[in-house]
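Enquirer: Would you mind keeping the following structure in view while I ask a few things?
The values are calculated or read from the model by the stated rules, or taken from the named source; none is laboratory data. Remember, predicted model here, so these are calculated numbers, not experimental data. Cβ placement follows ideal geometry from the backbone for every residue including glycine, while neighbour counts extend to all protein chains displayed. Note: areas computed on protein heavy atoms with side chains; ligands, DNA, RNA excluded. Shrake-Rupley method; radii C 1.70, N 1.55, O 1.52, S 1.80 Å.
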Amino acid sequence: MRIPLLTALLALPLASSALATRYYVDADAAPGGDGLAWASAFDSLDDALEIITSGDRIWLAEGTYVPSIRRNAKQPRSVTFYIPAGVHIHGGFDGTEMTFGQRAGLFSTTILDGELGAPGPHDNAWHVVNVEHPSGIPPGGNRLTGMVIQNGNALDADGKSNGQGGGVLSFNVALRLQDVQVRHNAARNGAGVHAQPASLTLIDTWIHHNRALNNGGGLWGQAINIKAFNTRISHNSAGARGGGAYMHSMAGFEAVLYAGCVFHDNFAERGGGIFVGGGEFASGAAVLRNCTFAYNSASVRGGGIQANTAPTFHARVWLYNSIVWANRAPIDASPGAGGRMIVEHSNVQDVYYSPTFGNMSTDPLFVDAAARDLRLLSGSPSVDSGSNELIARDQKDLDGDGDFQEPMPFDIDGEARRSDDPGTPDTGTGSAPIVDMGAYEVQGV
Ligand SMILES: [Ca+2]
Ligand SMILES: [Ca+2]
Ligand SMILES: [Ca+2]
Ligand SMILES: [Ca+2]
């Protein structure tokens, strides 16, 4: 009997979900487990990745995991955690949980580590994590949550590596990183995360201390949808452009969105915090909502933000409800000129944007700038002075209430995104409580 095409198509996802398997991995487990329960967990992540298929999940207990499977048999440094299509890996378990909700939250001690051979990066894995699907973007996406990705080094002296993505190299994938730290990686471009066509979502993630010789110390993205929520990008550097992040050739409003993000202490030649590229064929564009850029620096231009001037299409940056303060550069210390900046309800040092649109240039009064506590003191001009309408939508439903259209419910601390500080007059737009500028909300009584 012939099966109608529609029925066959409908059966596909059912079949795959019915067969989906959850594998358990625990560095402390005895060798030889089957991976089907904590009691018989695999002791290596590679054991699970070798047999896993689309739709499967891995629960990863705390511990340090070093990749051992080479993508190129002749190259010892090609070992990587290659994540197949449709697979999600959740870290941070203590190895006893029965439900996801019980997850112990050991995110900072669940570590995917590219450290190989002698101490130091020169002989480390080129890419700690590799997620690429050359024949198109498969359904289901890939997710990595609750872990640290560190010590990848995509640079090598003889040029065998492609030089991109020391921490995470991704291509043709819808990838989400949530509660992840990406740190101490190196590459030519995109030392922390290198992402090319497809989509990248960052939630509650921290990308720090990554170093690119060329562009994109923390993050490099081209022709890609990037959405970052409540994410911190700090202490990254790039030899040329985009110490924190380098975004190139992205067209369309909110194709690139950073919401509730902090960029601090990043360094580059141009665009210490973020560099948004324009180009010959398309205009780079980024929308920054409730972001804080502080203490970034550039040796040439654009300490906090550089929107590039390009031969054909100038880059565009929309800066809403944001703070750009205490960045340094010989030219354009805060936002670089050149490309177009559309600025509303923001506090930008040394640059005049019309107060008609709620802008100011007044010390935002960080709680402890020296210690990089970039929360705001009560009475700060940036408290209760944003626009409620300019808050990002809760596109990833961070509070799990099924409402993706409401304003983001949380600030970067996981506290209320809108709260009234009784000690500060409301000078912003909307009905109380009024959102603050920047990534942090002063929590009222
Ligand atoms: Ca090493
Ligand atoms: Ca407020
Ligand atoms: Ca929601
Ligand atoms: Ca108030």
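Enquirer: Looking only at the stretch 398-426, count every residue that is in contact with a strand residue (DSSP E or B) (Cβ under 9 Å, 6 or more places away or on another chain), of a type outside the set (D, E, K, R) and more than 10 Å from ligand 2 (Cβ to nearest atom) and tell me the total.
Expert: 8
Enquirer: Right, next: Among the candidates V367, V383, which residue alone is within 16 Å of ligand 4 (Cβ to nearest atom), of a type in the set (A, V, I, L, M, F, W, C) and in contact with a strand residue (DSSP E or B) (Cβ under 6 Å, 6 or more places away or on another chain)?
Expert: Residue meeting the stated conditions: V383.
Enquirer: Are any residues in the stretch 329-358 part of a loop (DSSP other than H, G, I, E, B) and surrounded by fewer than 19 Cβ atoms within 10 Å (Cβ to Cβ), and if so, which ones?
Expert: P330, A337, D350, V351, Y352, S354 - these are the residues of the stretch 329-358 that are part of a loop (DSSP other than H, G, I, E, B) and surrounded by fewer than 19 Cβ atoms within 10 Å (Cβ to Cβ).
Enquirer: Would you mind telling me which numbered condition in (1) free of Cβ contacts under 8 Å to residues at least 40 places away in the same chain; (2) of a type in the set (A, V, I, L, M, F, W, C); (3) closer than 19 Å to G152 by Cβ I52 fails?
Expert: Single failed check for I52: (3).
Enquirer: In addition: Please go through the stretch 209-225 and give me each residue that is over 20 Å from R340 (Cα atoms) and either among the small types (G, A, S) or surrounded by 23 or more Cβ atoms within 10 Å (Cβ to Cβ) (or both), ordered by number.
Expert: N210, R211, A212, N215, G216, G217, G218, L219, W220
Enquirer: So, in the stretch 396-422, exactly how many residues are touching a residue at least 40 places away in the same chain (Cβ under 8 Å) and either over 20 Å from I434 (Cα atoms) or out of contact with any Ser or Thr (no Cβ under 9 Å at 6 or more places or on another chain) (or both)? Walk me through how you get there before you give the answer.
Expert: Taking the stretch 396-422 as the starting set, the residues that turn out to be touching a residue at least 40 places away in the same chain (Cβ under 8 Å) are 396, 398, 408, 410-412, 414, 417, 421.
Then drop every residue that is not either over 20 Å from I434 (Cα atoms) or out of contact with any Ser or Thr (no Cβ under 9 Å at 6 or more places or on another chain) (or both), which leaves 396, 398, 408, 410, 414, 417.
Residues meeting the conditions: 6.
Enquirer: Within the stretch 402-423, how many residues are surrounded by 13 or more Cβ atoms within 10 Å (Cβ to Cβ) and more than 16 Å from ligand 3 (Cβ to nearest atom)?
Expert: Qualifying residue count, the stretch 402-423: 6.
Enquirer: Please return the ranges of strands (runs of 3 or more DSSP E) entirely within the stretch 97-169 where 2 or more residues are open to solvent by 10 Å² or more (accessible area, probe 1.4 Å) and in the same structural domain as R71 (by TED's automatic domain parsing).
Expert: Those strands (runs of 3 or more DSSP E) span 110-113, 142-150.
Enquirer: Could I ask something else about it? Would you mind stating whether Q395 is in a loop (DSSP other than H, G, I, E, B), surrounded by fewer than 22 Cβ atoms within 10 Å (Cβ to Cβ) and near ligand 2 (Cβ under 10 Å from one of its atoms)?
Expert: Against the criterion (in a loop (DSSP other than H, G, I, E, B), surrounded by fewer than 22 Cβ atoms within 10 Å (Cβ to Cβ) and near ligand 2 (Cβ under 10 Å from one of its atoms)), Q395 does not qualify.
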